[in-house]
Amino acid sequence: MKWGVVRFPGSLDDADAIHALREVLGQDAAMLWHKDEALGGAECIVLPGGFSYGDYLRCGAIARFSPIMQSVARFAAEGGLVIGICNGFQILCEAHLLPGALMRNRSLAFVCDVVTVRVENAATPFTRAARTGEILRLPIKHGEGCYVAPQEELRAMEERGQVLLRYVDEAGVASDAANPNGSMRSIAGVANQGFNVFGLMPHPEHAVEKALGGEDGRRIFASIIAGGARAASRVSG
Amino acid sequence: MSAAPIALAGEPRVDLAEARAHGLSTEEFAAIERILGRTPTFTELGVFSVMWSEHCSYKSSRKHLRMLPMSGPNVVGGPGENAGAIDVGDGWVAVFKIESHNHPSYVEPYQGAATGVGGILRDIFTMGARPIASMNSLKFGSFDHPRTRFLVGGVVGGVGGYGNCVGVPTVAGEVMFDAGYNGNILVNAFALGLARREDLQSARARGAGNPVLYVGSATGRDGIHGASLLASAEFDAESESKRPTVQVGDPFTEKLLIEACLEAMKTGAIVAIQDMGAAGLTSSSSEMAGRGGLGIELDLDRVPLREADLTPYEILLSESQERMLIVAERGREAELQAVFAKWDLHAAVIGHVTGDGRWRALYRGRVVADLPVGAISDDAPVYDRPACVPAASDALAAAAESAAQADAPAPAAALRALLGSPNVASKRWVYRQYDSIVQSNTIAGPGSDAAVLRIKDSRRGLALKVDSNPRACAIDPYIGAVATVCEAARNVACAGARPAGISNCLNYGNPERPEIMWQFIRGVEGLRDAAIALGTPVISGNVSFYNETEGRAIAPTPVIAMVGTFADVRLHLKQYFKIAGDAVMIVRSAAPSYAASEYAALFGAPPRPLAPIDLGRERRLVDGLVECAERRLIRSAHDVSEGGLAVALAEACFNPAGIMGVEVDAGDSGHDGEVLFGEGASTVVISAPLENIEVIHQIFDPLEVRRIGRVTTAARLTIGAAINEDLAALKQIYEMALPGRLNRP
């Protein structure tokens, strides 16, 4: 499958995403430059973690205006798959490709840790390789990961199944103690209404190798790859 | 251009009083007038004051640093470059260095710590190496001190704020709290980069006529005299007013600078490159010219400025961050400028290399400084300052005082108190604020004896650790320094890596006091002897003097960063017990003692001197650990440090995959508190399958190797009849100690 990883000035996990996709998962992944508009025929776009443009305004607020993001928005409108990880999630919210916003962590401090998240809806292109209710161990590292949205919107999102990942404890129960950043309803990852755009604060690209602490991030990539293969077989068939 | 530079309108008159206000001594000002044959201009005086400052010139330490072993079969790169490098195999070299940012961090903790991280990263990528890991050593005052919480929050926030945003993982560190640092905290920042051997860059100017490029952030007024006035003087009541001498960091620009510089280096158009650190444009330009035996001419009107009205004095002395100076091949400027334009960074040609050996600065068409390059870069004074043994060690006297209140607690109570002491307890509150995984190389991160990193596309790997032992150094600055090096080596070896090289940061008081100078010299001698014995060359380092407040010096604090190498990183070890039924063994090269221990700090203990360290036995211990790891004979290894054996046993049980237990037979010494809580014995706790016990004994011969118990699944720590504790409860104490003291109410 063909992937495009966008490199903004200040992107940090861009090389990690490329490494995970190419070296670990054997995918065809190219780096895309923020000043370009071409997406290089990618079937899935990754907006990686980092501090795009320094995040000196609001996280992701400047990145959404970059030339590449205009192409990404068009690509998403046409149903193309887009996954935003950490800063990428923030950019997608700023670009209104996803609902809600990400605020400073409740603790007011940056947090780097491994968390457990529960898959809330496995019937999406980003989670189909997992089971609904499955618990994944994934690393987080962010200062502004507190997900917020208007109550009414949250209720509608829950009903439509747009909440894909929720912070839970080891037993699978959401609680204040298991919520690392104060996100409303312990939300760790959401999709848009078309289920082709997905943003999450945990880093699946940092959880694909056992030697580095875990492989649960493969679930997310395997889901996307499985969908890509299905689409390809539809085209060829 | 042979006419002497003329004073600018409005500049202060240069005389002895002005020179002294700049931190220069009467003798130094006389030497400057003698070298020049005239009185320097105000701009030139500023240049001399920073270049001849202790911070830049190492004038008090240089003579003694020459005794350190700086070469070895694995050392790469000639002397005089920014940082040393060691060969780590498969064509890779590791470039690393540790540096202090103590005074700025006390005055303005967030920016002081942040720019400490930024500065050390530039020292690494200027060599052509991509920074892949950071570490730090932090020393704060006691929690009773009103400023401590503020300083901890600011420094940790600054380290994380910069490191997290620049994409370099913070993988290890140490944090200590002691009243001796109440008025002078220590913030030592370390960075390590990897480069292909053939890609290492030079900081030696070549080729008269080659253009000089200024890249990175524009120059502002921040940080002027950071090196001379802030870093090279004691603290006093006035220090607060020096806040403007602290620089402000911009990690986003640093990230762009890293990528742009590494990309620009690939063009082959760079002749030499150096970061603008202390003394900024002045030091980078004069040092590159000095190394090449050439001159340099700078046109200050072409320097990118934040404010148009900066004076030449300010432009030359600014310590604005995220700036680099490049000597390019003539005719290839545009190639380099295209790379920096891609990353939206300034890249201005601001001068050229000359053949006349002069360091010359032009401003608005006039020469404002014209000095022999050597006078500022090489001919700074070198002092052989007097040294003498202090009358009585303060630490011993203090220990004697605290001994009076000694009332030995029960072993279990002592263990709980030690695990809850900020110096022993988990530092998770700190390192949870650092990104430790970016770049996808971190196999073992913070909380381990040593961090373990893989090298992609290779089986090789690195282990990193930073250590210090100021309490031991306070009792005996020589033995303390030896112990520090040995501990750092042991930590790296506990991970299974072979110690390969050292960078050091030597934090001491005012070198103009003979007893401080004596501490310093003894410390360097200890570092030398241990480094030679362990075969670990000292490839880089930094000296931080004047760590005093109101005449009270810190304890001597040589901080040792040790880098070890793995031939096969898959064979790395962690500190945690893994398999129930495994034998628990200790290997030690000496006898444990309450001297300089955390136990003594908490409960008091009779004062005693430090036992001398047998370096041959230390080497045996380190080599044995590496052999055990490489032959897969042991399943875990953990160094016994603060809190002694009982604490180390508890820590080995705190396996993140599930708490293990340990049963220790009381044996002949199980009830002896000093065996349980003493330190300084160079002891390692290992776990191993029973069938390997015999060969492990042979490997460590003639050291003391003893099977003391076995690993269990019971999650209890049992030591004879003395201790029988629930490890989950102990872990709670261990984890909650720092949050309990540092979290907002």
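The values are calculated or read from the model by the stated rules, or taken from the named source; none is laboratory data. Everything numeric here is computed off the predicted structure, so don't read it as measured data. Cβ coordinates were reconstructed from backbone atoms using ideal geometry, including for glycine residues, and neighbour counts include every protein chain displayed. The area values use the complete protein model at the heavy-atom level, side chains included, leaving out ligands, DNA and RNA. Shrake-Rupley method; radii C 1.70, N 1.55, O 1.52, S 1.80 Å.
Tallying residues that are more than 25 Å from A:Asp55 (Cβ to Cβ), surrounded by 16 or more Cβ atoms within 10 Å (Cβ to Cβ) and within 14 Å of chain B (Cβ to nearest Cβ) within the range A:19-40 yields 2.
For the range A:120-134, indicate whether the set of residues that are open to solvent by 40 Å² or more (accessible area, probe 1.4 Å), touching a residue at least 60 places away in the same chain (Cβ under 8 Å) and within 14 Å of chain B (Cβ to nearest Cβ) is non-empty. No, the range A:120-134 contains no residue that is open to solvent by 40 Å² or more (accessible area, probe 1.4 Å), touching a residue at least 60 places away in the same chain (Cβ under 8 Å) and within 14 Å of chain B (Cβ to nearest Cβ).
Among the residues of the range B:154-183, not one is at the interface with another protein chain (Cβ under 10 Å from one of its Cβ atoms) and more than 24 Å from B:Thr442 (Cα to Cα). Just one of the listed residues (B:Arg716, B:Arg710, B:Arg706) is out of contact with any Gly (no Cβ under 7 Å at 6 or more places or on another chain) and either among the polar types (S, T, N, Q) or touching a residue at least 12 places away in the same chain (Cβ under 8 Å) (or both), namely B:Arg706.
Here B:Leu186 fulfils each of the conditions (1) touching a Phe, Trp or Tyr at 6+ places or on another chain (Cβ under 9 Å); (2) open to solvent by 20 Å² or more (accessible area, probe 1.4 Å) apart from (2). If you go through the range B:613-635 and keep only what is part of a loop (DSSP other than H, G, I, E, B) and not charged (D, E, K, R), you end up with B:Ile613, B:Leu633, B:Ile634. Could you please let me know if B:Val640 is among the aliphatic types (A, V, I, L, M), in contact with a Gly (Cβ under 7 Å, 6 or more places away or on another chain) and in contact (Cβ under 8 Å) with a residue 40 or more places away in the chain? Answer is no for this residue. Just name the residue that is surrounded by the most Cβ atoms within 10 Å (Cβ to Cβ) out of those in the range B:390-439 that are in contact with a Pro (Cβ under 6 Å, 6 or more places away or on another chain) and either modelled with pLDDT under 70 or more than 14 Å from chain A (Cβ to nearest Cβ) (or both). Here the residue is B:Ala399.
Apart from one condition, A:Glu43 fits all of (1) within 12 Å of chain B (Cβ to nearest Cβ); (2) farther than 21 Å from B:Cys165 by Cα; (3) surrounded by 15 or more Cβ atoms within 10 Å (Cβ to Cβ); the exception is (1). Could you check, for the range A:225-232, whether at least one of its residues is open to solvent by 30 Å² or more (accessible area, probe 1.4 Å), among the β-branched types (Val, Ile, Thr) and in contact (Cβ under 8 Å) with a residue 40 or more places away in the chain? Looking through the range A:225-232, at least one residue is open to solvent by 30 Å² or more (accessible area, probe 1.4 Å), among the β-branched types (Val, Ile, Thr) and in contact (Cβ under 8 Å) with a residue 40 or more places away in the chain. Scanning the range A:46-76 for residues that are within 14 Å of another protein chain (Cβ to nearest Cβ) and in contact with a Gly (Cβ under 6 Å, 6 or more places away or on another chain) yields a count of 6. Among the residues making up the range B:434-447, those that are assigned to a strand (DSSP E or B) and touching a helix residue (DSSP H, G or I) at 6+ places or on another chain (Cβ under 9 Å) are B:Thr442, B:Ile443. The set of residues in the range B:194-248 being at pLDDT below 90, outside any loop (DSSP other than H, G, I, E, B) and crowded, with 17+ Cβ neighbours inside 10 Å consists of B:Gly226, B:Ala227, B:Ser228, B:Leu229, B:Leu230, B:Phe235, B:Ser239, B:Lys242, B:Thr245.
For the range B:576-585, the count of residues that are closer than 27 Å to B:Ser426 by Cβ, open to solvent by less than 20 Å² (accessible area, probe 1.4 Å), touching a Ser or Thr at 6+ places or on another chain (Cβ under 9 Å) and in a loop (DSSP other than H, G, I, E, B) is at least one.
Only one of the listed residues (A:Glu170, A:Glu144) is within 18 Å of B:Asp435 (Cα to Cα), in a loop (DSSP other than H, G, I, E, B) and either more than 14 Å from chain B (Cβ to nearest Cβ) or open to solvent by 50 Å² or more (accessible area, probe 1.4 Å) (or both). That residue is A:Glu144. Of the residues B:Leu8, B:Leu16, B:Leu36, the single one that is within 15 Å of B:Glu314 (Cβ to Cβ), of a type outside the set (Lys, Arg) and surrounded by fewer than 24 Cβ atoms within 10 Å (Cβ to Cβ) is B:Leu8.
Note on the range B:21-33: residues that are under 23 Å from B:Ala9 (Cα atoms) and either touching a strand residue (DSSP E or B) at 6+ places or on another chain (Cβ under 7 Å) or open to solvent by 30 Å² or more (accessible area, probe 1.4 Å) (or both) amount to 2. Condition test on B:Gly193, is it within 28 Å of B:Ala444 (Cα to Cα), within 14 Å of chain A (Cβ to nearest Cβ) and within 20 Å of the chain's Cα centre (by Cα)? So B:Gly193 fails the test. Residues in the range B:466-498 that are in contact with a Leu (Cβ under 6 Å, 6 or more places away or on another chain) and open to solvent by 10 Å² or more (accessible area, probe 1.4 Å): B:Ile475, B:Asp476, B:Ile479. Residue count for the range A:1-18 satisfying the condition of being within 14 Å of chain B (Cβ to nearest Cβ), outside any loop (DSSP other than H, G, I, E, B) and in contact with a helix residue (DSSP H, G or I) (Cβ under 8 Å, 6 or more places away or on another chain): 5. Here A:Arg74 clears all of (1) farther than 23 Å from B:Leu256 by Cβ; (2) in contact with a strand residue (DSSP E or B) (Cβ under 8 Å, 6 or more places away or on another chain); (3) of a type outside the set (Gly, Ala, Ser); (4) open to solvent by 10 Å² or more (accessible area, probe 1.4 Å) except the condition numbered (2).
Answer yes if at least one residue in the range B:134-153 is modelled with pLDDT of 95 or more, within 14 Å of chain A (Cβ to nearest Cβ) and closer than 30 Å to B:Val75 by Cβ, and no otherwise. Checked against the condition, which is being modelled with pLDDT of 95 or more, within 14 Å of chain A (Cβ to nearest Cβ) and closer than 30 Å to B:Val75 by Cβ, the range B:134-153 yields at least one hit.
Only a single item in (1) over 30 Å from B:Gly89 (Cβ atoms); (2) open to solvent by 30 Å² or more (accessible area, probe 1.4 Å) is not met by B:Thr557, and it is number (2).
Annotation note: of B:Ala451, B:Ala493, B:Ala497, B:Ala463, the sole residue that is over 30 Å from B:Pro607 (Cβ atoms) and within 14 Å of chain A (Cβ to nearest Cβ) is B:Ala451. Just one of the listed residues (A:Val163, A:Val115, A:Val111) is more than 14 Å from chain B (Cβ to nearest Cβ) and either more than 27 Å from A:Glu209 (Cβ to Cβ) or crowded, with 16+ Cβ neighbours inside 10 Å (or both), namely A:Val163. Filtering the range A:184-222 to residues that are among the small types (Gly, Ala, Ser), away from every other protein chain (no Cβ under 14 Å) and buried (at least 24 other Cβ atoms within 10 Å of the Cβ) leaves A:Ala188, A:Gly189, A:Ala191, A:Gly199. Among the residues of the range A:94-108, just one is open to solvent by 30 Å² or more (accessible area, probe 1.4 Å), small (Gly, Ala, Ser) and under 27 Å from A:Ala77 (Cβ atoms), namely A:Ala101.
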